[in-house]
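The values are calculated or read from the model by the stated rules, or taken from the named source; none is laboratory data. Everything quoted here is computed from the prediction, not taken from an experiment. Reconstructed Cβ throughout: ideal geometry from the backbone, glycine too, with neighbour counts over all protein chains shown.
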């Protein structure tokens, strides 16, 4: 019986292109416009260094306008346009899968699409988990250094006043002031999701690819159990469009996809290992990476969640995320 092997079906350059192009495309946050692929980030991912700086102009200050007069001796004083910078951290990532376990499962005419889809789905989940971890770090930094002005915490309330609800979500969106109407997505723990589902707050609608995705009062929903849970207190995150930029490329030097042959493995039966490598950056807009605590060449998921690695560099309204801390019962 013929068995389809990885080397029979994988063309490394095409495989890498597929993974890079399709990662995150099925994410509800991408479909909502909350997470946007950023060409400037991708351009920097194959440059040197482990981070890069993105300067940006601040908005014009809301100073009162001058009152014009007819005195030629009175000169108007021009205001200045100020700027800030964001530092974006790169991550250099790899994973691999053995053909000994995959050969029989992936054998058949559809082997290549299945391998591609599995790898792309893996990097989608990794990207989303790194995003959630970054948001955990931003939350910790906000509580420690900005008086928690992005957070609504109702968990100390009595009875229903402490439980996740549509009203509480509105209050969290309200931390964005007059930008609260721009909120387009919400990430929540699966336990919180069940509360919302039982309260009929979740709608399921078709996407542009013929699939389905879910919304909470019009906001795209992402369910992820990496969101913080602390003694019955659950954190949900709200996003405005474009609140997060991301980029992914193949490495500049190493191969994005590589097949390793080990003919001696399995007592000579042979083994094939598919290696997949990506350069990745996921960065919430308005925040700066501090490199406060990173042990190796790239931050781990746990290190992305540390307050010491983040700092907000924009006005509260310009940072397009908000947090809700609530109980589920």
Checklist entry - Out of segment 176-201, which residues are surrounded by 14 or more Cβ atoms within 10 Å (Cβ to Cβ) and touching a helix residue (DSSP H, G or I) at 6+ places or on another chain (Cβ under 8 Å)? => result 176, 179, 180, 182, 183, 184, 185, 186, 187, 188, 201
Checklist entry - Would you call residue 238 in a loop (DSSP other than H, G, I, E, B), under 20 Å from the mean Cα position of the chain (by Cα), buried (at least 18 other Cβ atoms within 10 Å of the Cβ) and in contact (Cβ under 8 Å) with a residue 24 or more places away in the chain? => result no
Checklist outcome for this item: Among residues of segment 210-231 being out of contact with any helix residue (DSSP H, G or I) (no Cβ under 9 Å at 6 or more places or on another chain) and more than 11 Å from residue 32 (Cβ to Cβ), the residue modelled with the lowest pLDDT is 210
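If you scan segment 55-74, which residues turn out to be farther than 30 Å from residue 294 by Cα and either modelled with pLDDT of 85 or more or assigned to a strand (DSSP E or B) (or both)? Talk me through it step by step, then tell me what you get.
Filtering segment 55-74 down to residues farther than 30 Å from residue 294 by Cα leaves 59-74.
Of everything in segment 55-74, those that are farther than 30 Å from residue 294 by Cα and either modelled with pLDDT of 85 or more or assigned to a strand (DSSP E or B) (or both) turn out to be 64, 65, 66, 67, 68, 69, 70, 71, 72, 73, 74.
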Checklist outcome for this item: Per the list (1) at pLDDT below 75; (2) surrounded by 10 or more Cβ atoms within 10 Å (Cβ to Cβ), residue check on residue 94 breaks on (1)
Checklist entry - Which of the residues spanning segment 1-54 are closer than 11 Å to residue 249 by Cα, in contact with a strand residue (DSSP E or B) (Cβ under 7 Å, 6 or more places away or on another chain) and at pLDDT 85 or above? => result 16, 19, 20, 41, 42, 44, 45, 46
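Would you check which residues across segment 183-235 are assigned to a loop (DSSP other than H, G, I, E, B) and under 18 Å from the mean Cα position of the chain (by Cα) and list them?
Across segment 183-235, the qualifying residues are 183, 184, 189, 224, 225, 226, 227, 228.
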Next on the checklist: Of the residues 19, 34, 9, 30, only one is touching a helix residue (DSSP H, G or I) at 6+ places or on another chain (Cβ under 6 Å) and buried (at least 20 other Cβ atoms within 10 Å of the Cβ); which?
Outcome noted: 19
Checklist entry - Is segment 292-313 home to any residue that is under 22 Å from residue 30 (Cα atoms) and surrounded by 17 or more Cβ atoms within 10 Å (Cβ to Cβ)? => result yes
Next on the checklist: Which residue is farthest from residue 190 (Cα to Cα), if the candidates are limited to segment 241-266 and must be in contact with a strand residue (DSSP E or B) (Cβ under 6 Å, 6 or more places away or on another chain) and in a loop (DSSP other than H, G, I, E, B)?
Outcome noted: 265
Item to check | Given (1) touching a helix residue (DSSP H, G or I) at 6+ places or on another chain (Cβ under 7 Å); (2) touching a residue at least 24 places away in the same chain (Cβ under 8 Å); (3) surrounded by fewer than 16 Cβ atoms within 10 Å (Cβ to Cβ), index of the condition residue 148 fails | outcome: (2)
Item to check | Set 293, 276: member being over 14 Å from the mean Cα position of the chain (by Cα) and either more than 18 Å from residue 99 (Cα to Cα) or outside any strand (DSSP E or B) (or both) | outcome: 293
Checklist entry - If we keep just the residues of segment 156-175 that are in contact with a helix residue (DSSP H, G or I) (Cβ under 6 Å, 6 or more places away or on another chain) and surrounded by 21 or more Cβ atoms within 10 Å (Cβ to Cβ), which is farthest from residue 228 (Cα to Cα)? => result 173
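Considering only residues of segment 75-91 that are at pLDDT below 70 and part of a loop (DSSP other than H, G, I, E, B), which is nearest to residue 123 (Cα to Cα)?
At the first step, the residues of segment 75-91 found to be at pLDDT below 70 are 81-84.
Narrowing further to those that are part of a loop (DSSP other than H, G, I, E, B): 81-82.
Values: 81: 40, 82: 38 Å.
Per the criteria, the residue is 82.
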